[in-house]
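Engineer: Following this message is one structure expressed as structure tokens.
The values are calculated or read from the model by the stated rules, or taken from the named source; none is laboratory data. Keep in mind that what you see is a predicted model, and the values were worked out from it rather than measured. FYI the Cβ positions are ideal-geometry reconstructions off the backbone, even for glycines, and counts take in every protein chain you see. Calculation scope for accessible area: heavy atoms of the full protein, side chains included, ligands and nucleic acids excluded. Shrake-Rupley method; radii C 1.70, N 1.55, O 1.52, S 1.80 Å.
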Amino acid sequence: MTCRLLSALLLTLGLTACNNSSETDDLNRVFLTFYPSQQSFPEDVANNDTVNFKRLLIANGVEQVNVTLNQRLDGEEPLDDANNPAYQYAVFRVSYGASNTFDLYDEDQNFLYTHTIFAEDANQHYCIAIDENEPQLIESSLEMRFPSDNAEAHEFISHCRTLNNQQ
């Protein structure tokens, strides 16, 4: 699926994951970067093993987007089989009116948690946990933009993991 097609689909859903879509000035916007905490990793995983995390985000009860993270317990950048930065689909722009409610599910579609953002939360880049027992939304100093590539996406996720550890 092309970035333009994905943008069009997600824009109609209020979620955007590519930065080439048109904007509507009357909507509030936030950026969300999903991250795994240290407790998200299986107990038997080695520090240098790459773990694939998949989540399903449903906004306002109907708008769905899949989240994919490839992360290492030690926080180092994971690499794919070709020795390139591993795929990450973890940063999203959300456009909304007065509020937007997110439901997060694990890869087996088990409900994890619900979080609602309001107009006063707008114009901020937040870190959002992939697990229910972590702070769901942490304000970050990340810019209101998409990462330029998988390596930068990992930097965004790493920033969020660091913020979570400081909580």
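Engineer: Taking region 29-56 only, how many residues are assigned to a loop (DSSP other than H, G, I, E, B) and either in contact with a Phe, Trp or Tyr (Cβ under 8 Å, 6 or more places away or on another chain) or in contact (Cβ under 8 Å) with a residue 60 or more places away in the chain (or both)?
Structural biologist: Number of matching residues: 2.
Engineer: A further question on this structure: Read through the list (1) in contact (Cβ under 8 Å) with a residue 60 or more places away in the chain; (2) touching a Cys at 6+ places or on another chain (Cβ under 7 Å), then give the number of the only condition that Ile157 fails.
Structural biologist: Looking at each condition in turn, Ile157 falls short on (2).
Engineer: Identify all residues within region 129-167 that are assigned to a strand (DSSP E or B) and charged (D, E, K, R); write none if there are none.
Structural biologist: Glu139
Engineer: Right, next: If Ser148 satisfies every condition in (1) open to solvent by 50 Å² or more (accessible area, probe 1.4 Å); (2) hydroxyl-bearing (Ser, Thr, Tyr); (3) at pLDDT below 95 but one, which is the exception?
Structural biologist: Here Ser148 meets the rest and fails (3).
Engineer: Among the residues of region 86-109, what is the count of those that are in a loop (DSSP other than H, G, I, E, B) and under 13 Å from Ile58 (Cβ atoms)?
Structural biologist: Number satisfying all stated conditions: 1.
Engineer: Working only within region 106-141, note down all residues that are small (Gly, Ala, Ser) and either surrounded by 16 or more Cβ atoms within 10 Å (Cβ to Cβ) or within 13 Å of the chain's Cα centre (by Cα) (or both).
Structural biologist: Passing the criteria: Ala129, Ser140.
Engineer: Any residue at all in region 57-75 that is part of a loop (DSSP other than H, G, I, E, B) and open to solvent by less than 40 Å² (accessible area, probe 1.4 Å)?
Structural biologist: Checked against the condition, which is being part of a loop (DSSP other than H, G, I, E, B) and open to solvent by less than 40 Å² (accessible area, probe 1.4 Å), region 57-75 yields at least one hit.
Engineer: Oh, and also: What number goes with the only condition from (1) touching a Lys or Arg at 6+ places or on another chain (Cβ under 7 Å); (2) modelled with pLDDT of 95 or more that Cys127 does not pass?
Structural biologist: Answer for Cys127: the failing condition is (1).
Engineer: Looking at Phe53, is it in contact with a Leu (Cβ under 6 Å, 6 or more places away or on another chain), aromatic (Phe, Trp, Tyr) and within 23 Å of Leu27 (Cβ to Cβ)?
Structural biologist: Answer is no for this residue.
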